[in-house]
Amino acid sequence: MYRIGYRTASFGNQGLREAFQALGALGYDSVELCLEREEIDPLGLTAEKAEEVLEAAQRSGLTIHSVSYHGDGQEWAARAERQLAAVKVAPWFGVKTIVVNTPPASADVDAEAVVQDLYTVAEAAERAGVRVAVEPEPGLVVGTVADALRVVTECPSHSLAVNLDVGHAFLTEPDLPAAIASLRGLLAHTHFEDMPAGEHRHCVPGEGDLDLVDTILALWDAGFRGVLTLDLFGPFDDPLAVAQKALSATRKVLREAYSRAHPRS
């Protein structure tokens, strides 16, 4: 039904090659390459270095299906600059999707200026032939599915889309399947994990309160055919053990979803 990927941010204390080797050996299909690492900072990255990273992933049996730049904790100006630079480097990895988010909503943040920065990135992405997927997250300028829909539908460029983190949406949306359905045609990427009710804590599938089988079926019904990208916050003391447990649990969810969608007569 879906290929399964993993965000490299969870392996923050390990080198990229070691992370690729570990994820490939476990049986993951692909990775979302998180560009916050100094060695792949989009402002200083070269095409030659990107090619080395891509070849390392491929030698481990992985594809790179997306790149992302969140830069949580950085000043917004620095984050926005790197999100724009990510448009240039994304094709070097052979990807068509760049995942971004927004800063925390507060009285000190000019929300409309943030949105205009997103539109600048989207316009550059359109010229480069790639797509930008903005991720709603509780408490951020783009915090809910409704926020994302407004920002995307009002964007002058058609290259702006949505990265739906299903756990975030579980916290913000009263009807998650309906929220997913509302994104038909705009859903370019997804982050997948479990989440406790009322608590922003990314969990291995099966360790929270989200109905992940219903969520999978809603994503499929909404036309999403991309990679399920596991988003488990790291670094961990044992990131490999977390990744292994998450892959097994996600495969179980996918089997259950397939069985529900194709009941035996």
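Give the number of residues within segment 27-51 that are surrounded by fewer than 15 Cβ atoms within 10 Å (Cβ to Cβ) and assigned to a helix (DSSP H, G or I). Residues in segment 27-51 being surrounded by fewer than 15 Cβ atoms within 10 Å (Cβ to Cβ) and assigned to a helix (DSSP H, G or I): 6 in total.
Scanning segment 99-119 for residues that are part of a strand (DSSP E or B) and surrounded by fewer than 20 Cβ atoms within 10 Å (Cβ to Cβ) gives a single hit, Pro104.
Here is a check on your reading of the model: is Glu207 outside any helix (DSSP H, G or I), loosely packed, with under 14 Cβ neighbours inside 10 Å and of a type in the set (D, E, K, R)?
On the way: outside any helix (DSSP H, G or I): yes; loosely packed, with under 14 Cβ neighbours inside 10 Å: no; of a type in the set (D, E, K, R): yes.
No, not satisfied.
Taking Arg255 as the residue in question, decide whether it is farther than 17 Å from Ala9 by Cα, at pLDDT 95 or above, surrounded by fewer than 19 Cβ atoms within 10 Å (Cβ to Cβ) and under 18 Å from the mean Cα position of the chain (by Cα). Please lay out each step first, then the result.
Numbers: farther than 17 Å from Ala9 by Cα: yes; at pLDDT 95 or above: yes; surrounded by fewer than 19 Cβ atoms within 10 Å (Cβ to Cβ): yes; under 18 Å from the mean Cα position of the chain (by Cα): no.
No: the conditions fail for Arg255.
Among the residues of segment 153-212, those that are touching a Ser or Thr at 6+ places or on another chain (Cβ under 6 Å), more than 15 Å from Leu232 (Cβ to Cβ) and of a type in the set (A, V, I, L, M, F, W, C) comprise Leu164, Ala188. Scanning segment 174-203 for residues that are over 19 Å from Ala133 (Cα atoms) and either surrounded by fewer than 19 Cβ atoms within 10 Å (Cβ to Cβ) or at pLDDT below 95 (or both) turns up Pro174, Asp175, Pro177, Ala178, Pro196, Ala197, Gly198, Glu199, His200, Arg201. Residue count for segment 52-80 under the criterion of being of a type in the set (S, T, N, Q) and either in contact (Cβ under 8 Å) with a residue 40 or more places away in the chain or part of a loop (DSSP other than H, G, I, E, B) (or both): the result is 4.
Let's see how each residue does on (1) over 19 Å from Ala9 (Cβ atoms); (2) aliphatic (A, V, I, L, M):
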{"site": "Ser60", "(1), (2)": "no, no"}
{"site": "Arg79", "(1), (2)": "no, no"}
{"site": "Gly94", "(1), (2)": "yes, no"}
{"site": "Ala107", "(1), (2)": "yes, yes"}
{"site": "Ala111", "(1), (2)": "yes, yes"}
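The values are calculated or read from the model by the stated rules, or taken from the named source; none is laboratory data. Model, not experiment: these values are computed from the prediction. When we count neighbours, we look across all protein chains shown, and the Cβ atoms used for this are built from the backbone with ideal geometry, even at glycine.
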